[in-house]
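Enquirer: I'd like to ask some things about the structure below.
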Amino acid sequence: MTFPSPTIPAAGRAEVFLGYLDYFRETVLAKATSLPPDALRSSRLPSGWTPLELLKHLRYVELRWIAWGFEGSPVPSPWGDRQDDRWHVTPDETLAVLTAELRTQGAHTTAVVSRTDLDAVGAPGPRWDGADPATLERVLFHLVQEYARHAGHLDIVAELSGGPIGE
């Protein structure tokens, strides 16, 4: 996937946000796919997270900010990526399963952004912890930074695991 350079024309802000989200989502998935199988469930970092845990976390980040937060939809387990105050995956959560779930969540985000003005304010609900809901644009900006930051984290893990380095 090509980096959505600022010099590439876009139809509007929504297309820019979706371009960056798609790029970073696919970059994270490509990095995870490039890792040796044993590196997916092990950690090379003192913090202890694994690449599969990171994929699950990113799926839940989009779920929390778009469905549970912006849309105000009921989400039975919005913090389902956490157990005992850390990220976790179960033995049946494979790279293929987590990749499909992350892409499905991304498709939901794209659908919401495609039908909603970026200045629209999110629905009140528990995601906001009593604060006023944010606009869709602010939520998307947060998601882009979350993906970009974690893509950088995964770059380090890939390099330490003998996988590809760089963008």
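The values are calculated or read from the model by the stated rules, or taken from the named source; none is laboratory data. What you see is a predicted model, and the numbers here were worked out from it, not measured in a lab. Here the Cβ is made from the backbone with ideal geometry for all residues, glycine too, and neighbour counts use every protein chain on show.
Enquirer: Out of GLY125, GLY69, I need the residue that is within 17 Å of HIS142 (Cβ to Cβ) and modelled with pLDDT under 95. Which one?
Expert: Numbers: GLY69 fails: modelled with pLDDT under 95.
Testing whether each residue is within 17 Å of HIS142 (Cβ to Cβ) and modelled with pLDDT under 95 leaves just GLY125.
Enquirer: Counting only residues that are buried (at least 18 other Cβ atoms within 10 Å of the Cβ) and of a type in the set (Lys, Arg), which one in region 33-63 is nearest to the chain's Cα centre (by Cα)?
Expert: Checked region 33-63; the qualifying residue nearest to the chain's Cα centre (by Cα) is ARG59.
Enquirer: May I pose another question? Restricting region 121-167 to residues that are among the small types (Gly, Ala, Ser) and either touching a Pro at 6+ places or on another chain (Cβ under 6 Å) or part of a helix (DSSP H, G or I) (or both), which is surrounded by the fewest Cβ atoms within 10 Å (Cβ to Cβ)?
Expert: Step one: filter region 121-167 for residues among the small types (Gly, Ala, Ser), giving 122-123, 125, 130-131, 134, 148, 151-152, 158, 161-163, 166.
Filter again for either touching a Pro at 6+ places or on another chain (Cβ under 6 Å) or part of a helix (DSSP H, G or I) (or both), leaving 122, 148, 151-152, 158.
Numbers: GLY122: 22, ALA148: 15, ALA151: 20, GLY152: 12, ALA158: 21.
Restricting to residues being among the small types (Gly, Ala, Ser) and either touching a Pro at 6+ places or on another chain (Cβ under 6 Å) or part of a helix (DSSP H, G or I) (or both), the top hit is GLY152.
Enquirer: Which one of GLY130, GLY152, GLY162 is at positive phi and free of Cβ contacts under 8 Å to residues at least 40 places away in the same chain?
Expert: GLY130
Enquirer: Can you spot a residue in region 104-118 that is surrounded by fewer than 16 Cβ atoms within 10 Å (Cβ to Cβ) and closer than 19 Å to LEU45 by Cβ?
Expert: No: zero hits.
Enquirer: Quick one: what pairs do we get from region 26-47, first residue among the acidic types (Asp, Glu), second not in a helix (DSSP H, G or I), C-beta under 7 Å, 6+ apart or different chains?
Expert: Hits for this filter: GLU26/MET1.
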